[in-house]
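Asks: If you scroll down you'll find the structure; I have some questions about it.
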Amino acid sequence: MGTEVEKIVLAGTDDRDLTKLAEYEAVGGYKALPKARAMTPQEVTEELITSELRGRGGAFFPTGRKWSFVPSKEQIPKPHYLVVNADESEPGSFKDNEIISRVPHRFIEGCLITAHAIDSKHVFVYIRGEYSGPYEILVNALEELKDRPEIRGDVTIVVHRGAGAYICGEETALLESLEGKRGQPRSKPPFPAISGLYASPTVVNNVETITTVPPIIAMGGAEYAKLGVPNTRGTRVVSLSGNVVNGGNYEIAPGMTVRAIIDELGGGIPDGRELKAVVPGGSSTVILTKDEIDVGYDFDSLGQLKTAMGSAGIVVLDDRCCIVQLGIRFSEFYEHESCGKCTPCREGTRWLTAILRKLEDGRATQADLDLLLDVCDRINGKCLCPLGDSDAIIIASYVAKFRDEFIAHIEEGGCPFGGESSLDHVLAPIAMHTHSPVAEVPA
Amino acid sequence: MTQTATDLVTVTIDERSVQVPKGTGIVETAASAGIEIPVFCYEPRLGAPVGACRMCLVEVAGMPKLQAGCTLTAQDGMIVKTARSSELAAEGQNSTLEFILVNHPLDCPVCDKGGECPLQDLTFRYGPGNTRMTFPKRTFEKPIPISPLIALDRERCILCYRCTRFSESVAEDGQLVAINRGAQSVIATFEDEPYKGHFSGNVTELCPVGALTSTQYRFEARPWEIQNVPTVCGLCPVGCNTAATTREGKVKRIISRNHPEVDEGWLCDKGRFAFDHLHARDRITTPLRKAGPRRFEQVSWEDALDQAETLLRDGGASTVTALSGNESVEEAYALAKLMRQGLSANSAVLPEEVPDALDSYRAPLSALRDAKTIAVYCDEPVVERAPVVELWLKAARRKGATITYGAPEGPVDALVTDQPGITFGAQNVYYLPRTPNGRGVTDAWSAAGDGEPVDGKPRVVVISGDEAATDPAVRAMAAEAEIVIGIGMFQESFRGIADLVLPGTSYLERDGTTINLEGRLQRQRRAVLAPVPDVLAWLAKLAERFGVEVSPHSSVVFDEISGQCFGGISYADIGERAELPPPAARRAETLEPGSNPEPGSGIGLRLVAYRPLFSGPAVERTPELQFQRPGGDLQISRADAKARGIRHGQTVTVSSNGTSVELRAQIARDLAAGTVRVAATDAGDLHAIVEVKS
Amino acid sequence: MSLYDAIQEVRAIYPEDSESAVLPALRLAQGEYGWLSPDALREVADALETTPAYCKSVASFYDQFHLAPIGEHLVEVCTNVSCAVVGAQRVVEAFEGELGCHAGETSADGKVTLRTVECLGGCGWATIVAVDHHYRTHVKADDVPAIVQELQGVVETHGD
Ligand SMILES: Cc1cc2nc3c(=O)[nH]c(=O)nc-3n(C[C@H](O)[C@H](O)[C@H](O)COP(=O)(O)O)c2cc1C
Ligand code: SF4
Ligand code: FES
């Protein structure tokens, strides 16, 4: 379909079932592993630095450099841990779901190479609890390695299931959760590389990042660094969803425009509707208007528009989408997912939802719109982790880019879509008491 | 490159430059520059800072975002601006307060915290003038009891997690937790069961708002009507430094006065809540004379002293004095002087003997936290005997200390033991006496005379204190005597055994000194007037009749013995936070190294029936504390449990010689294999060696 | 294998002094009893030698743990934006109609609990409905009656 790049992460999946060990080996699988093991850990890390691979979890941190922060066992005599972040819960992102489901062995090979690079014998894969399908596939793949000691080496891989909390994707909250606690972020420093899981040196990497490691070792870091554009090398698996004909994951060459992704890969907007806006990298990224989508899908280009690739979840919104309702729905998400540790996020996300509701219901005045922006300002930059900040940043971006629509809600005393918006009256979980309902939390 | 802890760095805070050791928290760094950074969640005693409330935001040169001062540490050349000099930081703090107040009720006029509330103060100083929040606040059923001792008003809670962090990482009792997530998070116990634990009351002091309050103190007083009298707890050998809050001559609550070497600001629930014994219904307010097998009649003081004189003269030198270990040094000395010098009655049942040689192993309790290796060699659980010591042990373990239970295999830094006079070669030895001032009482007795006891059966026994009067051994001895004179607070303790009872006072009603388990001499101050004359006052009068001079003033009594017992220190010099004298020079080894008790034979386990913390005359007279009394549990080591296939929480049968009891197994970490423990009240007729089966 | 033994088995995977087994143990208990009743939480706490309060604190943080009973089947409809803009709310309403209960509730016969959930990570295949934790993709309101029948049918063949 369309113009996908030559695949690296999902290579071989078009014509083979790579969930099977034999099939994966038939396409050269588990060949990078002995190559890596023949190298010193430092050499493997060097190779990753050369490749310019940056983390695919959202923060886009250079992977090789992250590994190089792990102190030697002489400096800190404790076990090293590799923790793979498969919590993928950012609205709009579902690439790790497909990666684990389609190339579990490439992922496992990546785990084993990375474990070697950071001198670790213990790998934990923290997979979101809802992913029963990918979980089973992964467990089966590991099962297949039971009698392949030459592959497993002396490394144990434990698949640890989450239980429904977006915040556990944040790396320190993930570690808390993996330690059997409530998934609340820790303050940094110390960073996981020094004191992570069980207060030991730990590397946390995203599923896609890890799955990219075997091809990098196989082709060489320098070769990988030739792909893509400056600051965004290799390929990216993007998740395309929303008002688009062909939703799904596509492995692309960075730099491809958002328009091309939507039109050529996604087949455009269905039902003869018009594009209105695009969320470029998961719910936490600054929105793009329909006039901004000729931007290249890479770090620098999106950065110029003050937005980001994030977790590469592209959500396409057509002209039926009320932006205030979009704000409500995402804000409800952050309110629901706020861990409750820090004050601005816990109280602020809830306040934002309330003000947005007032706007939507036609009870708001200009002063409320000012207050909305002020509350965004008061949240942003003051939270312990990026979750609360994200809500503030995206809501502020909706107002900045669609101010007329907000004003219309005030002037027309309600939603100009008159009940015809695609997000009209959507029931978010926060509106139900899914936990033991002790608190009366009025909307 | 390694940096030593003493590396100094220079930090500029609001244009003031200070030098602090590298890594010092910015809140402390600012404080050393005389600048206050407001905090809510930050409380260094709760472990590593969590950075949750965001009250302490500061601006740091070179960092784009505001930083939490509580989690940030000092690095050389750092330039920090607090709300005093940074608009951004001021805005940040104002934001935090506004967010907190979004849900906080403004019921300050009826809140117990009003007037001593950090939120009130900080709102006044940094907060928004009015609220812009127009939607309803969270509402909860309020207040709810989380135990008979503590009420929780969830609407006032600002979710700083101080209380839950205390429960999780100081007391480690896992009882008080946060449930739910985000804005729906609330503080709770499990299924509204009471917060049971030895230290629960500390959360009422940790809570920075009026969310967790003491049920005893609710609506009892306003901060400007009260007086806080600095004193020392008299209920166990730790001697935590406390303040008794009084209003109109009554004790309303006990709070901590944080002696960093003794208690670090923590109190056990007995020390905090048992003051209700002052108002017990059976409190003795006048002298009493036996008027029937279980009946007393009141007598006048003049008659009582006359009768006491007659009885004592009758008893003469064979009279035995049983002391409880709860007396002040001065009370014990005055009584001892009367008995030994006035009657030559040199025979005493002392609460316990503490070898003086232990003085050369002396160290502050806080040193326990810094020990690398610790042996705990105790039959009774440490927490039941000297509760705060358990918190020091937990702190040491969190800091990485290796703690062994039972006899250590090699040398250790510190030993905690309930056996006097053993060391296991440790540098620091913490002997846990059974009574709050046993050592002081023993010293006082020795200081009052050196005559030898006479042989023979005593005709008269003097029992000092309710604890002695309720001790089975003392009661057995009293039952043999013809005459029993009691000194105590509660009728029940003496009913049926005493012929004459003279009213005693509580440690909260007296001036005097005590010696705690470290060997630290501390001063208790009279928080309230007793409903009866001071013990020293009438002892002085009684002593006069025997030609013995005793001052009614504790300071004078103290001066009389200070030279002999306390190196001549003056009463005034003891101070509000007493210092620990340095360890005495180590003389020739007079203490035993110690060895493990004989293990039970075969499948038998050694049974220890311990005296629970929540027991005794003061606790029995505090209704709110009754739920804390233990019952039904058997503590068993992991190894013993495993060998018998016993699971944590399972009902087990404990039996010996034909009797058996059903108890709930608790796998205890602080127990050496071979021994099991039950509260004395659960021991029934069990023998010293028991069998345990699932 | 008893719940206790299963918990000990999972506990052995993690370092001895860690609480890491709490989440897997809660999952096992929920699998056994359908929800985490106070007694189930006590059982987990005893097996892990921790407190029931701690277990509840952890369980209540995560959306997938049920602290109140649920029906024999669980239907979870994602209503986050990607699903919502292509009709998730109509799917929810179709379920509500078929089951005769609101989202957040259980059908009167106790068979199906319906709830809306946050993004399930299948956005490109919207609307995602997790039926007993297995994803159905591209679900339309029209598909709902068949799903409900299937659930009821499955219940019938089980007989009890
Ligand atoms: C609220 C929040 C949610 C996150 N969720 C995820 C996630 O689901 N998966 C992920 O890989 N990274 C997630 N991250 C980013 C991680 O914190 C971390 O940066 C990443 O796992 C590092 O891996 P990488 O370097 O390979 O990208 C999240 C971050 C935040 C703040
Ligand atoms: S920003 Fe939100 S999710 Fe992050 S620590 Fe604060 S409360 Fe928790
Ligand atoms: S005091 Fe620093 S965040 Fe609470």
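The values are calculated or read from the model by the stated rules, or taken from the named source; none is laboratory data. The model shown is predicted, which means the values in this text are computed figures rather than measured ones. Quick reminder, even Gly has a Cβ in these numbers, built from the backbone with ideal geometry, and neighbours come from all protein chains shown.
Asks: Can we say residue A:172 is within 16 Å of ligand 3 (Cβ to nearest atom) and under 16 Å from the mean Cα position of the chain (by Cα)?
Replies: yes
Asks: Any chance you could count how many residues in the range A:48-106 are under 21 Å from residue A:32 (Cα atoms), charged (D, E, K, R) and part of a loop (DSSP other than H, G, I, E, B)?
Replies: Adding up the residues that qualify gives 2.
Asks: What about residue A:349, is it within 16 Å of ligand 1 (Cβ to nearest atom), at the interface with chain B (Cβ under 9 Å from one of its Cβ atoms) and either over 20 Å from the mean Cα position of the chain (by Cα) or in contact (Cβ under 8 Å) with a residue 40 or more places away in the chain (or both)?
Replies: Answer is yes for this residue.
Asks: Residues in the range B:403-452 that are of a type outside the set (S, T, N, Q), assigned to a strand (DSSP E or B) and either modelled with pLDDT of 95 or more or closer than 24 Å to residue B:240 by Cα (or both): how many?
Replies: Residues that pass the stated criteria total 7.
Asks: Taking the range A:386-410 as the region of interest, how many residues are surrounded by fewer than 23 Cβ atoms within 10 Å (Cβ to Cβ) and within 16 Å of ligand 3 (Cβ to nearest atom)?
Replies: So the count comes out to 1.
Asks: Looking only at the range C:48-77, which residues are in contact with a Gly (Cβ under 8 Å, 6 or more places away or on another chain) and within 9 Å of another protein chain (Cβ to nearest Cβ)?
Replies: Correct list: C:50, C:51, C:53, C:54, C:58, C:61, C:62, C:63, C:64, C:65, C:66.
Asks: If you don't mind, there's one more thing I want to ask. Report yes if some residue within the range B:383-400 is in contact with a helix residue (DSSP H, G or I) (Cβ under 8 Å, 6 or more places away or on another chain), assigned to a strand (DSSP E or B) and under 24 Å from residue B:610 (Cβ atoms); otherwise report no. Reasoning before the result, please.
Replies: Within the range B:383-400, the first condition is being in contact with a helix residue (DSSP H, G or I) (Cβ under 8 Å, 6 or more places away or on another chain), and the residues that meet it are B:383, B:387, B:389-390, B:392-393, B:395-396, B:398-399.
Next, from what is left, pick out any that are assigned to a strand (DSSP E or B): none.
No: the range B:383-400 contains no residue that is in contact with a helix residue (DSSP H, G or I) (Cβ under 8 Å, 6 or more places away or on another chain), assigned to a strand (DSSP E or B) and under 24 Å from residue B:610 (Cβ atoms).
Every residue, every condition in (1) under 31 Å from the mean Cα position of the chain (by Cα); (2) modelled with pLDDT under 95, yes or no:
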{"residue": "B:596", "(1), (2)": "yes, yes"}
{"residue": "B:602", "(1), (2)": "no, yes"}
{"residue": "B:606", "(1), (2)": "yes, yes"}
{"residue": "B:613", "(1), (2)": "yes, no"}
{"residue": "B:621", "(1), (2)": "yes, no"}
{"residue": "B:635", "(1), (2)": "yes, no"}
{"residue": "B:649", "(1), (2)": "yes, yes"}
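Asks: Could you identify the single residue in A:186, A:259, A:236 that is at pLDDT 95 or above, among the charged types (D, E, K, R) and within 16 Å of ligand 3 (Cβ to nearest atom)?
Replies: Result of the check over A:186, A:259, A:236: A:186.
Asks: Can you tell me which residues in the range C:109-153 are at positive phi and modelled with pLDDT of 95 or more?
Replies: Scanning the range C:109-153 gives C:121, C:132, C:133, C:138.
Asks: Inspect all residues belonging to the range A:321-344 and state whether any of them is buried (at least 24 other Cβ atoms within 10 Å of the Cβ), aromatic (Phe, Trp, Tyr), under 21 Å from residue B:95 (Cα atoms) and within 12 Å of chain B (Cβ to nearest Cβ).
Replies: yes
Asks: Consider residue B:90 carefully, then state whether it is more than 16 Å from ligand 2 (Cβ to nearest atom) and crowded, with 17+ Cβ neighbours inside 10 Å.
Replies: It is true that residue B:90 is more than 16 Å from ligand 2 (Cβ to nearest atom) and crowded, with 17+ Cβ neighbours inside 10 Å.
Asks: Sticking with this structure for a sec: Has the range A:211-219 got at least one residue that is part of a strand (DSSP E or B), away from ligand 1 (no atom under 15 Å from the Cβ) and in contact (Cβ under 8 Å) with a residue 12 or more places away in the chain?
Replies: Taking every residue of the range A:211-219 in turn, none turns out to be part of a strand (DSSP E or B), away from ligand 1 (no atom under 15 Å from the Cβ) and in contact (Cβ under 8 Å) with a residue 12 or more places away in the chain.
Asks: Say we look at the range B:156-205 and pick out the residues that are assigned to a helix (DSSP H, G or I), within 7 Å of another protein chain (Cβ to nearest Cβ) and among the hydrophobic types (A, V, I, L, M, F, W, C); which of these is farthest from residue B:137 (Cα to Cα)?
Replies: Here the residue is B:190.
Asks: Based on this model, can you work out whether residue B:220 counts as part of a loop (DSSP other than H, G, I, E, B), surrounded by fewer than 24 Cβ atoms within 10 Å (Cβ to Cβ) and not aliphatic (A, V, I, L, M)?
Replies: yes
Asks: Just to be sure I understand, how many residues within the range A:231-247 are within 7 Å of chain C (Cβ to nearest Cβ) and under 14 Å from residue A:282 (Cα atoms)? Steps first, please.
Replies: Initially, the range A:231-247 is screened for residues within 7 Å of chain C (Cβ to nearest Cβ), giving A:239-243, A:247.
Now restrict to residues that are under 14 Å from residue A:282 (Cα atoms): A:239-242.
Residues in the range A:231-247 being within 7 Å of chain C (Cβ to nearest Cβ) and under 14 Å from residue A:282 (Cα atoms): 4 in total.
Asks: Would you be able to say whether some residue in the range A:165-172 is under 29 Å from residue A:385 (Cα atoms), at the interface with another protein chain (Cβ under 10 Å from one of its Cβ atoms), within 16 Å of ligand 2 (Cβ to nearest atom) and surrounded by fewer than 24 Cβ atoms within 10 Å (Cβ to Cβ)?
Replies: Looking through the range A:165-172, none of the residues is under 29 Å from residue A:385 (Cα atoms), at the interface with another protein chain (Cβ under 10 Å from one of its Cβ atoms), within 16 Å of ligand 2 (Cβ to nearest atom) and surrounded by fewer than 24 Cβ atoms within 10 Å (Cβ to Cβ).
Asks: A further question on this structure: Could you list, in sequence order, the residues of the range C:26-41 that are more than 15 Å from the chain's Cα centre (by Cα) and buried (at least 21 other Cβ atoms within 10 Å of the Cβ)?
Replies: Answer for the range C:26-41, where residues must be more than 15 Å from the chain's Cα centre (by Cα) and buried (at least 21 other Cβ atoms within 10 Å of the Cβ): C:40, C:41.
Asks: Turning to a different aspect of this structure: Is it the case, given these coordinates, that residue A:416 is away from chain C (no Cβ under 11 Å) and not hydroxyl-bearing (Ser, Thr, Tyr)?
Replies: yes
Asks: May I ask you to say which residue of B:64, B:44 is within 11 Å of ligand 3 (Cβ to nearest atom) and surrounded by fewer than 24 Cβ atoms within 10 Å (Cβ to Cβ)?
Replies: Of the residues listed, the single one that is within 11 Å of ligand 3 (Cβ to nearest atom) and surrounded by fewer than 24 Cβ atoms within 10 Å (Cβ to Cβ) is B:44.
Asks: Find the residue count for the range A:232-270, including only residues that are out of contact with any strand residue (DSSP E or B) (no Cβ under 8 Å at 6 or more places or on another chain) and on the phi > 0 side of the Ramachandran plot.
Replies: 2
Asks: Which ones in the range A:59-111 are within 16 Å of ligand 2 (Cβ to nearest atom), within 14 Å of chain C (Cβ to nearest Cβ) and not polar (S, T, N, Q)?
Replies: A:87, A:90, A:91
Asks: Surrounded by fewer than 22 Cβ atoms within 10 Å (Cβ to Cβ) and more than 30 Å from residue B:263 (Cα to Cα): which single residue out of B:343, B:338 fits that description?
Replies: Result of the check over B:343, B:338: B:343.
Asks: From B:455, B:511, which residue is over 25 Å from residue B:291 (Cα atoms) and touching a Lys or Arg at 6+ places or on another chain (Cβ under 6 Å)?
Replies: Details: B:455 fails: touching a Lys or Arg at 6+ places or on another chain (Cβ under 6 Å).
Every option except B:511 fails the conditions.
Asks: Go through B:62, B:47 for me and flag whichever is away from ligand 1 (no atom under 16 Å from the Cβ) and out of contact with any helix residue (DSSP H, G or I) (no Cβ under 9 Å at 6 or more places or on another chain).
Replies: Within the list B:62, B:47, the selection yields B:62.
Asks: While we're looking at this one, here's another question. State which residue is farthest from residue B:518 (Cα to Cα) when the search covers only the range B:355-369 and only residues that are hydrophobic (A, V, I, L, M, F, W, C) and in contact with a helix residue (DSSP H, G or I) (Cβ under 7 Å, 6 or more places away or on another chain).
Replies: Here the residue is B:368.
Asks: Given the criteria part of a helix (DSSP H, G or I) and within 16 Å of ligand 3 (Cβ to nearest atom), does residue A:339 qualify?
Replies: no
Asks: Give all pairs with beta carbons closer than 7 Å in which a residue from the range B:281-293 that is without any contact (Cβ under 8 Å) to a residue 12 or more places away in the chain meets a residue that is assigned to a strand (DSSP E or B) and of a type outside the set (S, T, N, Q); count only pairs at least 6 apart in sequence or on separate chains.
Replies: From residues that are without any contact (Cβ under 8 Å) to a residue 12 or more places away in the chain, the pairs are B:291/B:297.
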